Amino acid sequence: MRRLATIESLDLDLLPGFSAFTGETGAGKSIIVDALGLLLGGRGGADLIRTGEGDLLVTGFSGEMAASRRVTAQGRSTARLDGEVVSLRELGEWAGHHLTIHWQHSAQSLLSAGHQRSLLDRQLPTEAEAFAQAYREWQAANTRLEELRRSERERAQRLDLLEFQARELSEAAAQPGEEEPLQAELNRLANLENTSQGAAGALELLSDGEVSAVQLVSEAVRALNAGAKYDETAAQLQGELRVALEAVQAVAGELRGLAEDSAPDPEELDRVQTRLNLLTRLRGKYGPTLEDVAAFQAQVEGDLKSVQQDEHDAGTLHEEVARLAQQVEKRGRLLSAERQRQAVPLAAALLRVIRELGMPHAQLSFHFRALDVAGPHGLEDAELYFNANPGEEPGPLQGVASGGELSRVMLAISTVLGATTPAVVFDEVDAGIGGAAALAVAAQLSRLADSRQVLVVTHLAQLAARADHHYKVEKGLEGGRTLTRVRRLSEHERLEELARMLSGNTSEAALGHARELRGQGRPDTVADPA
């Protein structure tokens, strides 16, 4: 970590097993916990940055994976996983799979009914997930049914509109590119009379008039009869005139057909004009092009199928919701029965540990309250009832437990049920205890450390003496500025620190007490490596 509060630079190798962090009051022991909290996505205000610096940086390692968080004096926060920038939520999720922190105030999470219920459900994951799945399916179907009911009137109106549009577009059967040839046909039909009149006039000039081209060319051919017998050029020209005469006569025949067949057809003209008008209207409503009209038709047909499906669903979903509700009730009853079965032995196991932790008269049990309607987690609430004092009736945990008692209940839960992450941090778990209770808490932490990496910030010598590794947090002056350092103690240094914690000095009597404490519950007193 860099530039965090009174820490300038600190590289800390956290070893497996049980590690204790101790130091004078105000030395900054909780800074270590604050740094880990930043990796979990905790608040990262500018007040955490060392005075005069522009940012702070905390980096954590798990195996080959590195996670870091940088906070600037402007309050901006940057999270990274293996060097890649991620969201703060993603960083917190990653760290949350590796680390759990129990601040004294975080034990308040134990007060929620949901957390207390989850203690039971951790014992029966199959039944809990089966109910949760049934509930999700029922909720989804019920939500869908409610949406269909609320929108029934709007859906009927939309259905009418879509059916009309689909019918209109289907009957029109407009095809992209259809307008151009239709427009050309309309122009032709609209000008048939002019075409007929022109053909008749041309026919008059070529063959039907008193003086026509056919007549004149025929006379020209006859005029060359005499010369063609004796002159090759005249004969050639006469042949060309005969060809021309045949061409004129052929054209005249074509003109006669055109003049006779080009009479206007009002019905055909009206058909083409009507079709073009329809296409123009469709483009105006759904266009602006016929390609757009075709795309709109496809969308309308898809929407129509969807609305028709909604109509069908509205008719059948009611039965489906009722069936799924029965499944929820069935799964809920099974879950309730399993919770009842697990509640007694779990409460007894927790109570055994709690009584070892300095509360010999404690009482603990689960109480169930049926819900009026099924909730996402079952048919009832499960709540812990607790009392630490003899002669008093147990009550809801949130109303009767002190902060220190909550911390010890949380420790019992971690011990009995197992922590859910490889590393667990306890900050001030020893609040309000001492003597034999402190030794019992130390024993429980040591037991938990058999399967987890356990980090404890403590002011009790009994806890620190039981730790596998002992770190001391020290605050001093360097260059006129306050500086916090953390170092791992050798066995001799541990004895001196334990003596200080026990009596405030390192007298021979205090050291003897420290040696005695280090020997309690330990098969040997082999020193930690320096």
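Assorted remarks:
- As a calculated quantity, the FRET efficiency between Arg487 and Arg43 at R0 = 30 Å, using C-beta atoms, amounts to about 0.60.
- Taking a straight Cα-Cα cut-off under 19 Å and skipping sequence neighbours fewer than 8 places away in the same chain, the lysines within cross-link reach of Lys29 are Lys472, Lys475.
- Each part gets one Cα centre, and for region 371-406 versus region 441-484 those centres are 32 Å apart.
- Residues whose amide H falls under 5 Å from that of His470, counting only those 5 or more places apart or on a different chain, are Ala20, Leu489, with hydrogens built in the peptide plane.
- Separation in nanometres of the label points that stand 7 Å from Cα toward Cβ, at Tyr230 and Asp450: 14.7 nm
- Once the 1.4 Å probe is applied to the protein heavy atoms, the chain comes out at 52 Å² accessible per residue.
- With both labels modelled 7 Å from their Cα along Cα-to-Cβ, the Glu53 to His459 distance reads 2.6 nm.
- Couplings 3J(HN,Hα) for region 225-235, derived from phi with the Karplus relation 6.51 cos²θ - 1.76 cosθ + 1.60 (θ = phi - 60°), are 4, 5, x, 5, 6, 10, 10, 5, 5, 4, 5 Hz, where x marks Gly and Pro.
- The separation of region 198-271 from region 118-140, counted between C-alpha centres, amounts to 99 Å.
- Approximating the spin labels as points 7 Å out from Cα along Cα→Cβ, the Arg2-to-Ala184 distance works out to 7.6 nm.
- Amide proton proximity set for Leu455, modelled H, under 5 Å, gap of 5+: Ser19, Val424, Val425, Phe426
- Each Lys and Arg adds +1 at its Cβ and each Asp and Glu adds -1 at its Cβ; summed about the Cα centre, region 23-118 shows a dipole of about 260 debye.
- Distant-in-sequence amide H partners of Leu224 (H built 1.01 Å from N, under 5 Å): none
- When shorter helices are ignored and each DSSP H run of at least 4 residues is given -39500 (n - 2.57), the per-residue value for the chain at 222 nm works out to -19000 deg cm²/dmol.
- HN-Hα J in Hz across region 304-309 - Karplus 6.51, -1.76, 1.60, θ = phi - 60°, x for Gly and Pro: 5, 4, 5, 5, 5, 5
- Within straight-line reach of Lys305, meaning a Cα separation under 29 Å, sit the following lysines at least 8 residues removed in sequence or on another chain: Lys285.
- If you plug the beta carbon distance of Val85 and Glu168 into 1/(1 + (r/R0)^6) with R0 = 60 Å, you get a FRET efficiency near 0.65.
- Residues listed by number, region 138-182, amide nitrogen under 17 Å from Glu320 label point at 7 Å toward C-beta: 138-152
- Residue-wise HN-Hα coupling along region 328-340, computed from phi with Karplus coefficients 6.51, -1.76, 1.60 (Hz; x: Gly, Pro): 4, 4, 5, 5, x, 5, 5, 5, 4, 4, 5, 4, 4
- Percent RCO, i.e. relative contact order, over region 21-174, from Cα pairs under 8 Å lying at least 6 residues apart: 13 percent
- From the coordinates shown, semi-axes √(5λ) of the Cα gyration tensor in Å corresponds to which of (i) 90, 18, 17; (ii) 100, 35, 17; (iii) 95, 30, 17: (ii)
- Percent RCO, i.e. relative contact order, over the chain, from Cα pairs under 8 Å lying at least 6 residues apart: 22 percent
- Estimated FRET transfer efficiency when R0 is 56 angstrom, pair Val400-Leu161 (beta carbons, to 0.05): 0.30
The values are calculated or read from the model by the stated rules, or taken from the named source; none is laboratory data. Since the model is a prediction, treat every value here as computed from it, not as a measurement. Every residue, glycine among them, receives a Cβ derived from its backbone with ideal geometry; neighbour counts consider all protein chains shown. Quick note on the areas: whole protein, heavy atoms, side chains included, nothing else; ligands and nucleic acids left out. Shrake-Rupley method; radii C 1.70, N 1.55, O 1.52, S 1.80 Å.
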